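Everything below concerns the one structure shown next.
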Amino acid sequence: AIEAYTSKRLKNPYADFLACEALRLLAANLHTVCQEPGNREARQAMMLGSCMAGQAFANAPVGAVHALAYPIGGIFHVPHGLSNSLVLPHVLRFNLPAAEQQYAELAQVLKLGHHGDNTEQLAQAFIDYTATLSPSTGLPVGLREVGIGENDLPVMASAAMLQTRLLSNNPRDVNEAQALAIYQAAY
């Protein structure tokens, strides 16, 4: 949903609507589902949010989060969702100069920040929020926690550069050195 909302190609109001609604549903129900796996109402909301996020990125494609997640899953067989979560806050920090306005808007969708916060503060609140999701749900937060070695990071950065169809959607251009720096931050 985040990548669809910030996609620089094929951006459109339909995808934006779906992305915002998906984020609302997912943020409101994620912790409930993790704490109460049998809560059908929360699980239904998560499924609908997931479906809406999928529809959003079918209409405004994903970017560097997925491009950098592919080598994690492809080379090290880490599940797709976990691969994305490992790099998400780090890619968002990288993209901040090009996506500050959109991140601030997403912060408002999730009612993050404080009354009177400026765009920069709201965008930072959104990124900080995404960084809390994995630890608050018990997921690994670093590449080393899923068996990736520090020496593997350059190979992954090189592999990520092959994902040109995804990288072309990212709000900020990513080169191999920057991809490596993102992996190092996620390590």
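The values are calculated or read from the model by the stated rules, or taken from the named source; none is laboratory data. Small disclaimer: the values here were computed from a predicted structure and weren't measured. Neighbour counts run over all protein chains shown; Cβ positions are idealised from the backbone, glycine included.
Key figures
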{"read-out": "Elements of type helices (runs of 4 or more DSSP H) in region 1-69, at least 1 residues being in contact with a strand residue (DSSP E or B) (Cβ under 9 Å, 6 or more places away or on another chain) and more than 16 Å from GLU105 (Cα to Cα)", "value": "none"}
{"read-out": "Residue check for ALA27: within 15 Å of the chain's Cα centre (by Cα) and either outside the structural domain of ILE182 (by TED's automatic domain parsing) or modelled with pLDDT of 95 or more (or both)", "value": "yes"}
{"read-out": "Failed item in (1) in contact (Cβ under 8 Å) with a residue 24 or more places away in the chain; (2) over 19 Å from the mean Cα position of the chain (by Cα), with ASN169 passing the rest", "value": "(2)"}
{"read-out": "Meets criteria (in contact (Cβ under 8 Å) with a residue 60 or more places away in the chain and of a type in the set (S, T, N, Q)) for ASN95", "value": "yes"}
{"read-out": "Helices (runs of 4 or more DSSP H) contained in region 105-187 and holding at least 2 residues assigned by TED's automatic domain parsing to the domain that holds ILE75 and of a type in the set (Ser, Thr, Tyr)", "value": "119-137"}
{"read-out": "Tabulated pairs, region 118-137, first more than 16 Å from LEU30 (Cα to Cα), second of a type in the set (Gly, Ala, Ser) and outside any helix (DSSP H, G or I), C-beta under 7 angstrom, 6+ apart or interchain", "value": "GLN121/GLY113; LEU122/GLY113; ALA125/GLY113"}
{"read-out": "Some residue of region 138-161 being surrounded by 15 or more Cβ atoms within 10 Å (Cβ to Cβ) and either touching a Lys or Arg at 6+ places or on another chain (Cβ under 8 Å) or within 16 Å of TYR5 (Cα to Cα) (or both)", "value": "no"}
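Here's the yes/no breakdown for (1) at pLDDT 95 or above; (2) closer than 26 Å to GLY138 by Cα; (3) in contact with a Gly (Cβ under 9 Å, 6 or more places away or on another chain):
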residue	(1), (2), (3)
HIS80	yes, yes, yes
PRO89	yes, yes, no
LEU92	yes, yes, no
GLN102	yes, no, no
ASP117	yes, no, no
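Okay, residues lined up against (1) touching a residue at least 40 places away in the same chain (Cβ under 8 Å); (2) surrounded by fewer than 18 Cβ atoms within 10 Å (Cβ to Cβ):
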site	(1), (2)
ASN29	no, no
GLU41	no, yes
SER50	no, yes
ALA56	yes, no
PRO71	yes, no
PRO79	no, yes
SER85	yes, no
